[in-house]
Amino acid sequence: MALERFIFVQPSTNDWIKRWGIDGSPIGAYVPVAGITQACLSQKLQVDFLPDDGAAEAHLTGPLTQTIVGITALTPTANRASEIARRVIENGGRVIIGGMDPSARTDWWLKEAQKIGIETKTKDRVTIIPGEIEGGSLAQALQAADAGRPFDLFYKTAPTDLTNIPLPSQETIKEITGAPYQRVSNSRGCPNKCEYCSVHLTAGLDKRVRPYQDVISELKARDVLNQKEHQVTWTDDYFGGSGTIELLKKIVENGHHFPQFIQPTIEMGRNAQMWELLNSIGPTLAQFGLESPNRNRLISAGVKSGKQDLDPIAIFNTIREKNQNIAIGLNFMIGTDSEPLGKERFDELEAFIDACKPDRVIIGKYTPFPGTLTAKKLQEQGRIFDFNTDHYDGEHWVMRIKGRNIKGDLVDENTDEVDAYLDPFKARLNEKVALWSRLRDMKMNGFNVFSGGYVI
Ligand code: B12
Ligand code: SF4
């Protein structure tokens, strides 16, 4: 029986995760998944995006015999992804599960897929796709389904170059036009090897850049060139470098303007040409993953792979002095072994934030994501105590934490005590950052829609 529908689901677990999807802004994978689905099947299927407000099942009722449901799974949404998959199968559909968690925990997912098959008394209607899909894995699965053949347990192809990624049909693209965040992939892979990061598990260590012509065509098709309402979110954790500069130059040369969001490393903070180009394109929120105020100490603790001695405060001041359109956001992780104990951990961070005056702050709890070096080390040390992946959302402690005392020795810390400092610390920061943040004045609409406060 020929396929008729493809529904792309973004599962959510708790309210924190839910907030990222329910405004209808699809995740970065939606456009390539939709494009490849439509390119590899002779009959063009509409690919609908279904964010999970906690009740995605209500939209996935049967009969789904001619439907494929594609589900993306991050580690914190893995259990929910599996739950949704079961319901789809029970209603007669087929399921393809892809994304970061199947890349990081392929073995777990292969067992889970078999379990779903046994529990739903079906065979071969669920498959797992670890890694990227541009190498042909998704096409292989879809072609099997289209021909009425059972799925293989998994399809995997190596990361490939990012040329000629097919775009979805105009009708499919219309579905996402108007969403506040327009996530666009310009490049993938990261040569840094930060111990806590999962990115290389899907995208590898080579930075691969999409040709600027392809990216600009996508922006045009998505109707985001020359507008002020929809924020182009470059889904590139390692933003910068020669391919990126070339893309930005072309955007500027063509006179395009739009608001944007980038995630640069602190090393990119010194790339004056990049900031100048971003500044001419439009209001830009640059969210730096700083992790700790004392980068050098972090590096010496072996947590970060950075090599240079960089002064973040001086870097931010220079960026802002020269570029009115650039706002600075900072990401911190609390709970690495390099931090001081107790109250001092927060005093140090607060003094640093006061000096930086960032326009937005995100604070998360250090999380040992599966497949990372951090997870391996902490597991060897017997420090991970919570293996329920629902809690791997940066909002829960899943490991025993330690801090450094005055002598530099590592000492166990009680997570309840850390929380007793963390919660008032966040409340104080919310008040402060709201006073100095320029995001509202810059009309960074997307962000104001979401975050009532500026510290999340
Ligand atoms: C943009 C981004 C966000 C955006 C959008 C979310 C998104 N998933 O797109 C926002 C700000 C909302 C966000 C929020 C969060 N994020 Co985030 N985010 C990213 C980031 C920087 C880029 C993701 C992206 O769009 N890449 C571009 C697309 C094209 O690539 P991709 O997602 O890898 O998809 C490819 C394949 O994986 C595959 N694929 C993916 N899904 C599917 C589905 C199907 C059916 C198929 C066939 C294939 C497939 O096909 C794609 C093309 O090859 C990544 C880091 C990174 N560089 O990958 C972190 C990352 C995904 N985020 C992460 C986390 C932890 C979160 C949060 C939990 C943070 C928090 N505490 O709230 C939330 C979860 C929200 C949610 N429900 O998704 C972690 C996940 C770690 C893990 N092991 O799960 C990552 C990897 C960051 C990191 N350094 O570790 N995030
Ligand atoms: S945290 Fe950022 S810089 Fe570090 S490895 Fe991950 S993507 Fe690369």
In the range 182-205, what count of residues is obtained for those that are more than 9 Å from ligand 1 (Cβ to nearest atom) and more than 18 Å from W234 (Cβ to Cβ)? 5
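Considering each of D386, D337, D393, D347 in turn, give the residue that is part of a helix (DSSP H, G or I), farther than 20 Å from Y238 by Cβ and away from ligand 2 (no atom under 16 Å from the Cβ).
D347
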Residues of the range 168-181 being more than 9 Å from ligand 1 (Cβ to nearest atom), in contact (Cβ under 8 Å) with a residue 12 or more places away in the chain and either surrounded by 20 or more Cβ atoms within 10 Å (Cβ to Cβ) or closer than 21 Å to E229 by Cβ (or both), in sequence order, are P168, Q170, T172, I173, E175, I176, T177, G178, A179, P180
So which residues in the range 126-167 are touching a residue at least 12 places away in the same chain (Cβ under 8 Å) and part of a helix (DSSP H, G or I), if there are any at all? S137, L138, A139, Q140, A141, L142, Q143, A145, D146
Tell me, yes or no, whether the range 238-247 has at least one residue that is touching a His at 6+ places or on another chain (Cβ under 9 Å) and at pLDDT 95 or above. no
Would you point out which residue out of L153, L162 is more than 13 Å from ligand 1 (Cβ to nearest atom) and not assigned by TED's automatic domain parsing to the domain that holds S25? L153
For the condition modelled with pLDDT under 90, under 30 Å from P283 (Cα atoms), of a type in the set (A, V, I, L, M, F, W, C) and part of a loop (DSSP other than H, G, I, E, B), what is the one hit in L435, L439? L439
Looking only at the range 418-430, decide whether some residue is modelled with pLDDT of 95 or more and over 28 Å from I328 (Cβ atoms). yes
Determine if the range 168-175 includes at least one residue that is under 21 Å from the mean Cα position of the chain (by Cα), more than 16 Å from ligand 2 (Cβ to nearest atom) and hydroxyl-bearing (S, T, Y). no
Does K156 satisfy the criteria of being at pLDDT below 95 and either within 16 Å of ligand 2 (Cβ to nearest atom) or over 20 Å from the mean Cα position of the chain (by Cα) (or both)? no
Residue pairs qualifying under the 6 Å Cβ cut-off, at least six apart or on distinct chains, with the first in the range 182-203 being assigned by TED's automatic domain parsing to the domain that holds T233 and the second being within 6 Å of ligand 1 (Cβ to nearest atom) and aromatic (F, W, Y), are S198/F369
So which of I84, I71 ends up being modelled with pLDDT of 90 or more, among the aliphatic types (A, V, I, L, M) and within 28 Å of A221 (Cα to Cα)? I71
Which residues, counting only those in the range 292-329, are of a type in the set (K, R) and either within 15 Å of ligand 2 (Cβ to nearest atom) or at pLDDT 85 or above (or both)? R295, K304, K307, R320, K322
Tally the residues that are crowded, with 18+ Cβ neighbours inside 10 Å, of a type in the set (S, T, N, Q) and without any contact (Cβ under 8 Å) to a residue 60 or more places away in the chain, restricting the search to the range 377-400. 0
Search result, residues across the range 401-429 that are surrounded by 17 or more Cβ atoms within 10 Å (Cβ to Cβ), under 25 Å from the mean Cα position of the chain (by Cα) and not β-branched (V, I, T): L422, L429
E132 vs. criteria within 16 Å of ligand 2 (Cβ to nearest atom) and buried (at least 16 other Cβ atoms within 10 Å of the Cβ): yes
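The values are calculated or read from the model by the stated rules, or taken from the named source; none is laboratory data. The shown structure was predicted, so the numbers you read here are calculated from the model rather than taken from an experiment. With ideal geometry, Cβ positions are generated from the backbone for all residues, glycine too; neighbour counts draw on all protein chains shown.
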